Amino acid sequence: MHEYKVVVLGSGGIGKSALMVQFVQGIFVEKYDPTIEDPYRKQVEIDCQQCTLKILDTAGTEQFTVMRDLYMKNALGFAVSYSITILLVRDTEDVPMIFVGNKCDLEDKRVVGKEQGQNLARRWCNCAILGSSAKSKINVNEISDDFILTFLS
């Protein structure tokens, strides 16, 4: 029987564990319990063949990011999860935001076009967007300046 290792990644509190418990056990867990690392196994049939999915539900908090290198090395694939309700978590739609396209010093390797980022920022929350580079010190201070100006307006 084939075995496939999959890692679930995403920020904390967005429902990764609830999704995995629903997938593996068919149960919806309402209570939030921060994950450090939870392994799951499920046998599935794909193209008329039985196989085992070994799923690693990872921590969404910053303190466990060191473990991610090991996940990345050993996994066959990744499921990156995010919540579509970020504004609902705050109980308001008036949340100051700025989109930051980092690594703008690598223009020759650009995959996400400037216009794509601008359209997304405009469509999603009509917020400011700024290109930055920590390496080249491009717009590093301007991020906080723009954020504070957004917050104050």
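The values are calculated or read from the model by the stated rules, or taken from the named source; none is laboratory data. Keep in mind that this is a model prediction, so the values were computed, not measured. Positions of Cβ are generated from backbone atoms using ideal geometry, with glycine treated the same way; all protein chains shown enter the neighbour counts. To get the accessible areas, we keep the full protein, side chains included, count just its heavy atoms, and leave off ligands, DNA and RNA. Shrake-Rupley method; radii C 1.70, N 1.55, O 1.52, S 1.80 Å.
Which residues, taken from the stretch 1-48, are under 20 Å from the mean Cα position of the chain (by Cα) and assigned to a loop (DSSP other than H, G, I, E, B)?
Listed by number, the residues that qualify are 10, 11, 12, 13, 14, 15, 32, 33, 34, 35, 36.
The conditions are (1) at pLDDT below 75; (2) farther than 22 Å from residue 22 by Cα; (3) open to solvent by 80 Å² or more (accessible area, probe 1.4 Å), and residue 125 fails exactly one of them. Which is it?
Only one criterion is unmet by residue 125, namely (3).
When the stretch 49-84 is examined, which residues are found to be at pLDDT below 65, open to solvent by 90 Å² or more (accessible area, probe 1.4 Å) and not in a loop (DSSP other than H, G, I, E, B)?
62, 63, 66
Which pairs do you get when a residue that is free of Cβ contacts under 8 Å to residues at least 40 places away in the same chain and surrounded by 10 or more Cβ atoms within 10 Å (Cβ to Cβ), found in the stretch 97-118, comes within reach of a residue that is in a helix (DSSP H, G or I) and of a type in the set (A, V, I, L, M), reach meaning Cβ atoms under 8 angstrom, with the pair 6+ apart or on two chains?
99/120; 99/121
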